[in-house]
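Reviewing the structure listed below.
The values are calculated or read from the model by the stated rules, or taken from the named source; none is laboratory data. Note that the structure is predicted; figures quoted are calculated from it, not measured. All Cβ positions, glycine included, derive from the backbone under ideal geometry; neighbour counts span all protein chains shown.
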Amino acid sequence: MARMKFLCDADRCIECQACVTACKNEHEVPWGINRRRVVTINDGLPGERSVSMACMHCDDAPCAAVCPVDCFYTTADAVVLHSKDTCIGCGYCFYACPFGAPQYPRVGNFGTRGKMDKCTYCSGGPEADMSQAEYVKYGSNRLAEGKLPLCAEMCSTKSLLAGDGDIIADIYRERVVTRGYGSGAWGWRTAYGETISV
Amino acid sequence: MLVKRKQGEAARGRLASMAAGIATKTIDRRSFLRNSGLAVGGLAALGTINAGMTRQAEAGPTDHSRPIERRKNICTHCSVGCTVIGEVQDGVWVGQEPAWDSPINRGTHCAKGASVRELVHGDRRLKYPMKKVGGQWQRISWDQAIDEIGDKMLEIRERSGADSAYLLGSAKFSNEGAYLFRKFAAFWGTNNVDHQARICHSTTVAGVANTWGYGAQTNSYNDIRNSKTIIFMGSNAAEAHPVSMQHILTGKEEQRANVIVFDPRFTRTAAHATDFVRIRPGTDIPVIWGIMWHIFQNGWEDQEYIAQRVWGMDQVREEVAKWTPDEVERVTGVPEAQLRRVAEKFATERPSTFIWCMGGTQHTVGTANVRAYCNLLLATGNVGAMGTGANIFRGHCNVQGATDFGLDIGNLPCYYGLAEGAWRHWSRVWDVPYEYFVNRFDAVPAKGGRDPRTPEQNMNVPGIPSTRWFDATMIDAEEVDQRDNIKAMIVFGHGGNTVPRMADAREGMNALDLLVVADPHPTTFAALHERTDNTYLLPICTQFECSGSRTASNRSVQWGEKIVEPIFESDNDYAVMYRLAKKLGFADEMFKPYEMVQGKFSEEPTPESILREINRGGWSVGYTGQSPERLKAHMANQDKFDLVTLRAPADAGDVGGDFYGLPWPCWGTAEFRHPGTHILYNPNVPVKDGGGAFRPRFGLERDGETLLAEGSWPPESEIEDGYPQFTMGVLKRLGWDADLTPQERAVISRIGEFDEEKIDAVSWSLDLSGGIQRVAIEHGCVPYGNGKARAVAWNLPDPIPVHREPIYSPRPDLVADYPTREDGRQFRMPNIGHTIQQSVVDRGLHESFPIVLTSGRLVEYEGGGEETRSNKWLAELKQDMFVEINTRDAESRGITDGGWVWVNGPEGNRARVKALVTERVASGTAFMPFHFAGWFQGEDQRGNYPQGTDPIVLGESVNVVTTYGYDPVTGMHEGKVTLCQIESA
């Protein structure tokens, strides 16, 4: 089985937010929940760079490690998913996540936040693939349809890549060799314990 | 901006208030939300949304067990022309899929394109026709709306003449819609017909067409992959044309290209550039002359190219010599070393391309700016080859097409100028006697010491530009050079907040006898004013709810098929124009050539039959080969086209050998199978393969020198030198008339009225048979001739571009040296720019308003922004109107990031917005985006919109603060430079 990963090439990201609205569109994500967002550093200064961030589907996911009800699980594609039926909205995962991925429909303490929501790598949840029940809780299941996450598929400059980790690493490596620079695979060491060497 | 920087907090604060049931306007009510864990109590508090809606297309999970249809259309936002694939189930648009096969976007989108499906959710769309009665919006029927609007138009026509109705069209029309609207204006009898090109690239079209023939992007987005040096000037493509950056950044990487950005702001495009040059707003000409100074000084110009293909460069050289590095730095603020470095790269690391947008065009010297850019390209031999060119990124999805089809105060469709020959040409195509149109136009009385005009003369006088319509409602009737003031505005698909002086525009709206807004959204035209009656809103569907073609910036024509039926009671442009024409009494003549079908509420013409009529008449610009069948074949075979050359291989079936979208000129008839022209003026390939030359349209010689090319011609040309345009007479002299078929000959004789002399005068652009074009191309020649580009355009106000300070300049010392042009009259109106500039200096406004205010685009919104600010997926990303202010300017004024400020304009208008304190702008410069409206000088106008149609996000418009200033050639407004002062609110 492939090991699915995200890779954002910060030298290509222009902060156009296509990934954000593509996600909203695909899953009908409500106002206030941001499964994906674009973070810009040095905004307005030389060296300004943007990175599109969502759940990175870590190897040894910290969210899963801290979850008191054990609602997380990792699929055969190495995608980290969770069960909203089990989730109690405690918010521990939010504190554990190095990428700020977990989102909650409400603000409050412990159980009053509502069920946690996050990027599913467009692959739904524990319910039957492509079922109504899965859609209303987690959004569509593109992986089950044989497609990749829409955010990456629609990225305007092909900065955000999704797919088999080895393949997207090769694409990135080839780019860096061609252009002669690369600020690295953002978040890879944290998420996957490795980086892409050129 | 603010949301972006403090996104976590902003989102949470909003959610907290949502839970408390406060922010009821902005929440989504879909089932997903319920199931994501929001309690029922929360939803109950939100239950008031859009109760009056008639129908809503509920998107839900796609049911994969049942059929899903995929339909292809084109994004309705910017001009890149991204293909959108809609997945439709049971008539509902349930999903968007990447359009991998499109060579333009290759599956990708920006924030706007990735969220277009929301447009047909329609939460905030205008749902049915409405009118204002005693200040209240009332729902009415289509029949009543058309009846009442028609009666009022006829009454105004009777009283004040046809010119009193202003027909403001749209760059959001399909080509067929744009063409139909222009035709509608001709049948109504006015040249007061315009659209967004006026305010985005009218100066480009004028400047470029006056230089080398046609007003369009010479190359394509894809072709920039071949460039080794790329200059952006006044273009922030990363926000305004994001998908173009896919090609540009790949090109930059693969070619190791220089990417140089000139801008007053360190834009998101600049963040990806190799060089950033900060200029003082409004000093483009000195910057260009400063670059050319180094080029000429070092002999970096392309002398062979200039000798063969350019006229008048020596005169430019004399002007450039005045712009020494010291003077350039004094005026523009750019140091010598920086410009020298740019000059060397641009001239020596070729091919080089020059990209410009509104930062260059929206000035009182817009046309002159454009001509300066052209001169830089010509001096370095960078037009007419791969990787070179004037890559003019246009703004709207069909602003190129709408320009081509003459939604313009000075043209008939396809750039046939306002002249008897052009009217007669279109009369022949439309199959209506020329005299019919003469009878439709007003006679203009002698007013203000000017000569009177007969209707026939009035037909050939350009109308009033859309930037000045409100002036024409209010100034003394003696001053308006037509029968009467503007009394009615008929606005199809155009925002009311995108031109300066909104306070005056508001007064103009108040003064109208009739205001009609035909649009998917109510727009600022519905909300800004204090009108109580005679105001109508007609719900028009988007281009996703009808079919038709649109022309992307690179001139590729793409066919969009209807994805879903028009939602609510909205209807398409074709049907509404037909019903209005019927009411006004000219539908039978106007719609006679079309195939009529039963539409949603009435009969309507098919876009295919309208396009066929365009194909029968659009010879001058090569809109004749793009038949509906060919365009549809291109959409079905997108995967056949090469990513860089845009050409399909010869063996690719229906599209073999074609360039994608048959970019105009696509000569001859569809049967002739010209492949279209990927790169304009390119003498490196035969004309039959998309080659060309500069167009000699300004005579054959000037000052004793030839205006025809010398020693340059496309391969396979049987004339190995420059030549004038082809006419029947020229064919005869060459002996090529023998190649015409009897049928072609018969058509040409008929156009020449069977008079030998007139027959000889029938040209390639008037020959309805296409025979002259065919024969010329078969002999390897360009139908319009092979001429030189003009470095000097003697017919324009400043034949060689001259620097002129903005009207509201921060530098009175420079106004003394470089004043704006003298007052004058253009386009039926006075232009008193010089008087105002003097008054600005006399009043010392630069001291009390020391900050230069400029404006531009954001990626999330487009144009006036009503549509995008109504889209919840976009609105969430930018919730506040703001002003970018430099750290030092903010500190000295006690302004904090995210705090409320007043931006005070020099003429007493002001805007209340949030401050974004940033180094992106230099000290002394402020920036505001132009997509906002709905607040006016601190007043929230949400209540002025019909209930449920108010955009989610409202804000002050920058154009409340912007000021007077108009380009003398096109009437373009000064949107990029004014003065302001900013204080904490």
Legend entry - Residue that is modelled with the lowest pLDDT [pool: residues in the stretch A:93-106 that are within 13 Å of another protein chain (Cβ to nearest Cβ) and in a loop (DSSP other than H, G, I, E, B)]: A:R106
Legend entry - Boolean, B:A237 is small (G, A, S), closer than 25 Å to A:R175 by Cα and under 26 Å from the mean Cα position of the chain (by Cα): yes
Inset, instruction - Report yes if some residue within the stretch B:554-572 is closer than 30 Å to B:R440 by Cα and under 27 Å from the mean Cα position of the chain (by Cα); otherwise report no. - result: yes
Legend entry - Residue satisfying condition, being surrounded by fewer than 24 Cβ atoms within 10 Å (Cβ to Cβ) and of a type in the set (V, I, T), within set B:T324, B:T361, B:T367, B:T332: B:T324
Inset, instruction - Within the stretch B:83-101, track down each residue that is of a type in the set (A, V, I, L, M) and at pLDDT 95 or above. - result: B:V84, B:I85, B:V88, B:A99
Inset, instruction - Go through the stretch B:732-819 and tell me which helices (runs of 4 or more DSSP H), entirely inside it, have 1 or more residues that are of a type in the set (K, R). - result: B:742-751, B:756-761, B:771-778
Legend entry - Restricting the stretch B:223-234 to residues that are within 14 Å of chain A (Cβ to nearest Cβ) and buried (at least 24 other Cβ atoms within 10 Å of the Cβ), the residue that is farthest from the chain's Cα centre (by Cα): B:I224
Legend entry - Any chance B:A347 is surrounded by fewer than 24 Cβ atoms within 10 Å (Cβ to Cβ), touching a residue at least 40 places away in the same chain (Cβ under 8 Å) and in a helix (DSSP H, G or I): no
Inset, instruction - For residues that are at the interface with chain B (Cβ under 8 Å from one of its Cβ atoms) and of a type in the set (D, E, K, R), scanning just the stretch A:114-133, find the one that is nearest to A:K5 (Cα to Cα). - result: A:D117
Inset, instruction - For residues that are part of a strand (DSSP E or B) and within 20 Å of B:D163 (Cβ to Cβ), tally how many sit in the stretch B:490-517. - result: 6
Legend entry - Pairs with Cβ under 9 Å, 6+ apart, first in the stretch B:235-251 and more than 9 Å from every other protein chain (Cβ to nearest Cβ) and closer than 18 Å to A:R49 by Cα, second surrounded by fewer than 24 Cβ atoms within 10 Å (Cβ to Cβ) and polar (S, T, N, Q): none
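One line per residue, one yes/no per condition, for (1) away from chain A (no Cβ under 14 Å); (2) over 19 Å from B:R124 (Cβ atoms); (3) within 24 Å of the chain's Cα centre (by Cα):
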residue	(1), (2), (3)
B:H846	yes, yes, no
B:F849	yes, yes, no
B:V852	yes, yes, no
B:V859	no, yes, yes
B:G864	yes, no, yes
B:W873	no, no, no
B:E876	no, no, no
Legend entry - Some residue of the stretch A:157-179 being aromatic (F, W, Y) and over 28 Å from B:K112 (Cα atoms): no
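Pull up the stretch A:166-198, narrow it to residues that are part of a helix (DSSP H, G or I) and of a type in the set (V, I, T), then point me to the one that is farthest from the other protein chains (Cβ to nearest Cβ).
So in the stretch A:166-198, the residues part of a helix (DSSP H, G or I) come out as A:166-179, A:188-192.
Okay, now just the ones that are also of a type in the set (V, I, T), so A:167-168, A:171, A:176-178, A:190.
Details: A:I167: 17, A:I168: 16, A:I171: 12, A:V176: 9, A:V177: 10, A:T178: 6, A:T190: 19 Å.
So the residue we want is A:T190.
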Legend entry - strands (runs of 3 or more DSSP E) completely within the stretch B:851-954 that count 1 or more residues being in contact (Cβ under 8 Å) with a residue 12 or more places away in the chain and β-branched (V, I, T): B:851-856, B:882-885, B:900-904, B:910-917, B:925-929
Inset, instruction - Determine whether A:C90 is in contact with a helix residue (DSSP H, G or I) (Cβ under 8 Å, 6 or more places away or on another chain), surrounded by fewer than 22 Cβ atoms within 10 Å (Cβ to Cβ) and modelled with pLDDT under 95. - result: yes
Inset, instruction - Having 3 or more residues that are at the interface with chain B (Cβ under 7 Å from one of its Cβ atoms) and touching a residue at least 24 places away in the same chain (Cβ under 8 Å) is the bar; report the strands (runs of 3 or more DSSP E) wholly within the stretch A:18-84 that clear it. - result: none
Inset, instruction - Could you pull out the residue among B:S855, B:S870, B:S809 that is under 23 Å from B:A171 (Cβ atoms), out of contact with any Phe, Trp or Tyr (no Cβ under 7 Å at 6 or more places or on another chain) and not basic (K, R)? - result: B:S870
Inset, instruction - Can you confirm whether the stretch B:698-714 contains a residue that is in a loop (DSSP other than H, G, I, E, B), of a type outside the set (A, V, I, L, M, F, W, C) and closer than 27 Å to B:A422 by Cα? - result: yes
Inset, instruction - Please tell me if A:G163 is more than 9 Å from chain B (Cβ to nearest Cβ), part of a loop (DSSP other than H, G, I, E, B), within 18 Å of the chain's Cα centre (by Cα) and not β-branched (V, I, T). - result: no
Legend entry - Given (1) modelled with pLDDT of 95 or more; (2) farther than 30 Å from A:V38 by Cα, number of the condition B:V80 does not satisfy: (2)
Inset, instruction - Kindly provide the set of residues from the stretch B:93-121 that are crowded, with 22+ Cβ neighbours inside 10 Å and more than 10 Å from chain A (Cβ to nearest Cβ), ordered by number. - result: B:W93, B:S102, B:P103, B:I104, B:L119, B:V120
